[in-house]
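The values are calculated or read from the model by the stated rules, or taken from the named source; none is laboratory data. These figures come from a predicted structure and were not determined experimentally. Reconstructed Cβ throughout: ideal geometry from the backbone, glycine too, with neighbour counts over all protein chains shown.
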Amino acid sequence: MKPKGWIQSANLAIEGIIYSVKTQRHMRWHLFAAVVALVLSLVLNVSRIEFILLSIAIVIVLVAELVNTAIEVTVDMISEEYHPLAKIAKDVGAGVVLLASVGALTLAYLILYPALRTALARGLWTVKKAPGDVVAFVALAVVVIAVISIKAAVGRGEPLRGGMPSGHAAISFSLWVAAIHMSGSLPVAALTFVLALVVSWSRWSSGIHRPREVAAGALLGAGVTLLFFRIFS
């Protein structure tokens, strides 16, 4: 059935990601590795272009794992019996993930190892603080990964409608904390806080989320982002 509108399309797409996280052990490891790589990039204060390359490599690996999951599910839907062509399809899909993972690991080694060696030689405490926008991006990425992982574990509601925690509240309060630290402006802080409250209230008042789901999302987004800015900025 064709989705009606972009919101439903996005909801179905996120459902696919959550399904992959819930059913594919390798996807969970990829997400864990992504968080580790992003945090290390902050600790070691890699250059902006190196950070962009790492981010692209992470996305490629996650996309490859999603494609592999789609291939496996499609093959199993067509026939659960063993067939040489089905094996080839699954092997090729796994090969795509393997190549993407090897490429990402190679890139991570070339970027992070020299930076780590330099940091250890100087002492990790002398590493410069990361730019605010990079800290905000990593914090938001970690918040999104945490929301997807929790929703996959809880398994209640739809990605954009219900479930623990509220992703809208988590993202809006993450952006609020980032705006405070990046702007240093009271009007900007007040405006983004009001917007975060409006977004969170709309999820509650419309019956999409329960109060505790909204509160959990807000605390998750604000807490993770505040922690990252306290440590890395």
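Looking at Gly184, Gly167, Gly207, Gly163, which one is within 20 Å of Val35 (Cα to Cα) and not aliphatic (A, V, I, L, M)?
Step by step, each of Gly184, Gly167, Gly207, Gly163 is checked, and only Gly167 is within 20 Å of Val35 (Cα to Cα) and not aliphatic (A, V, I, L, M).
Pick out the one residue from Leu116, Leu112 that is surrounded by fewer than 18 Cβ atoms within 10 Å (Cβ to Cβ) and either touching a helix residue (DSSP H, G or I) at 6+ places or on another chain (Cβ under 8 Å) or of a type outside the set (A, V, I, L, M) (or both).
The unique qualifying residue is Leu116.
Got a sec? Which of Ile60, Ile148, Ile52, Ile56 is touching a helix residue (DSSP H, G or I) at 6+ places or on another chain (Cβ under 8 Å) and at pLDDT 90 or above?
Ile60
Out of curiosity, is Ala115 within 25 Å of Ile231 (Cβ to Cβ), within 17 Å of the chain's Cα centre (by Cα) and in the same structural domain as Glu15 (by TED's automatic domain parsing)?
When the stated conditions are applied, Ala115 does not pass them.
Among the candidates Ala190, Ala169, single out the residue that is surrounded by fewer than 14 Cβ atoms within 10 Å (Cβ to Cβ), out of contact with any Cys (no Cβ under 9 Å at 6 or more places or on another chain), modelled with pLDDT of 85 or more and assigned to a helix (DSSP H, G or I).
Answer to the selection: Ala190.
Hey, can you tell me all the residues within region 193-210 that are modelled with pLDDT of 85 or more and either within 19 Å of Val154 (Cα to Cα) or surrounded by fewer than 13 Cβ atoms within 10 Å (Cβ to Cβ) (or both)?
Val194, Val198, Trp201
Got a number for residues in region 28-68 being under 25 Å from Ala89 (Cβ atoms), surrounded by 20 or more Cβ atoms within 10 Å (Cβ to Cβ) and not aliphatic (A, V, I, L, M)?
Matching residues across region 28-68 total 3.
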